[in-house]
Structures are given as structure tokens and as C-alpha cells.
1. Go through (1) open to solvent by less than 60 Å² (accessible area, probe 1.4 Å); (2) on the phi > 0 side of the Ramachandran plot one by one and return the number of the condition Glu48 breaks.
2. Restricting attention to the range 25-35, does a residue exist that is of a type in the set (S, T, N, Q), within 25 Å of Glu93 (Cβ to Cβ) and open to solvent by less than 50 Å² (accessible area, probe 1.4 Å)?
3. List every residue pair whose Cβ atoms lie under 6 Å apart, where the two residues are 6 or more positions apart in sequence or sit on different chains, the first residue falls within the range 87-107 and is within 16 Å of Ala175 (Cα to Cα) and assigned to a helix (DSSP H, G or I), and the second residue, located anywhere, is open to solvent by less than 20 Å² (accessible area, probe 1.4 Å) and at pLDDT below 75.
4. Please tell me if Pro33 is in contact with a helix residue (DSSP H, G or I) (Cβ under 9 Å, 6 or more places away or on another chain) and either within 15 Å of Ala68 (Cβ to Cβ) or modelled with pLDDT under 80 (or both).
5. Are any residues in the range 149-166 on the phi < 0 side of the Ramachandran plot, open to solvent by 20 Å² or more (accessible area, probe 1.4 Å) and either in a strand (DSSP E or B) or not acidic (Asp, Glu) (or both), and if so, which ones?
Amino acid sequence: MDSPRIDPEKFRTRADWIAADLHGRLSSGEWEPGQKMPTEQALSEQYEVSRATIRTALRVLDGQGLIAARQGSGTYVLAAAAADVSADLRRLESLSETIKRHGLEPTMEFRSVAIRSATERETARLGLAIEDKVLATERALLVDDEVFAYSYDAIPRSLLGNTFDIRQVRGSMFALLREFDITVLTAHTELHVETGAGTAWGADPTAAFLRLDQTHRDDKDNAVMESSTFFIEGHFRFSLVRQATTTIPHCR
């Protein structure tokens, strides 16, 4: 294959890199809606990876509603890839990782980082006592100096060790948790729509946001982070592939 369009070193896995590269090729119009894409074998030869890796990358695009496999026929383009960032709601990852998968480089601007008492909501969601403290952050996520989302996050202070210093907070909250051997595996998620008034600092009060409220849990099903993230309309697109249930006929 020609030299990669996107630096593979910026991605956690080869599949994520390939998904981002294919997304870029779709954005450029290399394959039009309705057109059949190269086979898994052809793509595996282009990218010099296994077919299993290609299959994982294609599932990312499928989850974004960009392609679909037709049994016995191949994989077809459903829609042109938009210039904004799209995410599959079934995929749990940090905002930074989602943006990097599109070949973009995110930056963070923190409005505040503090250790404070947990709110009533955080106490209930994180299973804390009234006197417990949390690490609380307010941050904006930017791409090319443009704000894509605002996020309010809370992590129980007890998870971060006795020597924790708030100066350790630099970017992704998932990455911070991994520094303390905590891996987020699941998230209970609620979706809401809100306007900008009182929602995000510096935002247009008439702007519309999609709000994701999430309680993140580790491999032991312990609640490790509570977050509310406000995505600016027109910058983030979320998708979810729904399938009809199979009706089993009654036997007579």
C-alpha cells in the first residue's frame, strides 16, 4: 500500500488506524454511496494485516452507519463520511480516542480541576458516603481550536492513591484511571437534549447539545467515574445499529 494517509502510531490498535484511514478514503469520495468496497482479502493485502483486523475496522464503519455487509455479495457504502466526528454508541472509549480514530488531533482546555465533596447525585451514582471526596473536572474538548464538547467528570478520590496530585490531570480521564490500574469496561448511559443556557461556559445560550450522562464501571462492576458530556450539535454524530428480533414460529 502507498504511505499511510494517517500516522498509525497515533492509534491504540491497527484496527482503529485502518478504520480512521478508511473513513478518510470515504470522505474523499474514493467509494461512492452504493458502490461495493474492496474485499476483506484485498484490504488485508493493502494494509498488510490479517483479515480479522480488517473485519474489526469494518465493524467500526458499520457502527457509524457508513457501510453494510450484504450476505453473499460483499460490503457496500451506505453514505458518504461526513467531516464531523461520528461515534457508535455501542463502543465505549474516551472522547480523545474517538476523535483520533477520525485522523484528528484533539486538545483539552480545563476550566477547573479540584478535590471537593461529592454532590448528592455523585454520592448515589458512585456509591459514596456523604463525607467522601471526588476529583472533579470541567473541560472542553477541541479540534483545530474549535470546541466540540464540554465534559463534567467526577472520580472517587479514594481510587487515586495517597500521593495523587491534581497536576497529574492532563487529558483523558480514561487514561488517568489506567495510571491507577483501573480499566473502564461498561457505562450506563442516558441521553438528553439541552440548550446552552447554563450548560457550558462561553457557549451560545441558544445552542443545542446532546448530553450523555454516564456511570462508568470497571471489571469488578465498581462505579469509578460519573460524567456528563455535552456534545455540540453538528460536530458529533452518534449512531446505533438496531436489529429486528427473530420471531420463532410456534411448532404444531
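1. With respect to (1) open to solvent by less than 60 Å² (accessible area, probe 1.4 Å); (2) on the phi > 0 side of the Ramachandran plot, Glu48 is out only on (1).
2. Within the range 25-35, the subset of a type in the set (S, T, N, Q) is 27-28, 35.
Subset that is within 25 Å of Glu93 (Cβ to Cβ): 27-28.
When the remaining residues are screened for being open to solvent by less than 50 Å² (accessible area, probe 1.4 Å), the result is none.
So far as the range 25-35 goes, no, none of its residues is of a type in the set (S, T, N, Q), within 25 Å of Glu93 (Cβ to Cβ) and open to solvent by less than 50 Å² (accessible area, probe 1.4 Å).
3. Once the first residue is within 16 Å of Ala175 (Cα to Cα) and assigned to a helix (DSSP H, G or I) and sits in the range 87-107, its partners that are open to solvent by less than 20 Å² (accessible area, probe 1.4 Å) and at pLDDT below 75 give Thr98/Ala87; Ile99/Val85.
4. Numbers: in contact with a helix residue (DSSP H, G or I) (Cβ under 9 Å, 6 or more places away or on another chain): no; either within 15 Å of Ala68 (Cβ to Cβ) or modelled with pLDDT under 80 (or both): yes.
So Pro33 does not fit the description; no.
5. Filtering the range 149-166 for residues on the phi < 0 side of the Ramachandran plot gives 149-160, 162-166.
If we keep only those that are open to solvent by 20 Å² or more (accessible area, probe 1.4 Å) too, we end up with 152, 157-159, 162-166.
Within the range 149-166, Tyr152, Arg157, Ser158, Leu159, Asn162, Thr163, Phe164, Ile166 meet the criteria.
Every residue, every condition in (1) buried (at least 19 other Cβ atoms within 10 Å of the Cβ); (2) modelled with pLDDT of 75 or more; (3) closer than 22 Å to Leu104 by Cα; (4) among the hydroxyl-bearing types (Ser, Thr, Tyr), yes or no:
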site: Gln168; (1), (2), (3), (4): no, yes, no, no
site: Gly171; (1), (2), (3), (4): no, yes, yes, no
site: Thr183; (1), (2), (3), (4): no, yes, no, yes
site: His192; (1), (2), (3), (4): no, yes, no, no
site: Gly198; (1), (2), (3), (4): no, no, no, no
site: Leu210; (1), (2), (3), (4): no, yes, yes, no
site: Asp221; (1), (2), (3), (4): no, yes, no, no
site: Ser239; (1), (2), (3), (4): no, no, yes, yes
site: Cys251; (1), (2), (3), (4): no, no, no, no
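The values are calculated or read from the model by the stated rules, or taken from the named source; none is laboratory data. Remember, predicted model here, so these are calculated numbers, not experimental data. Heads up, the Cβs are rebuilt from the backbone with ideal geometry, glycines too, and the neighbour counts pull from every protein chain shown. All accessible areas refer to the heavy atoms of the entire protein, side chains included, with ligands and DNA or RNA removed. Shrake-Rupley method; radii C 1.70, N 1.55, O 1.52, S 1.80 Å.
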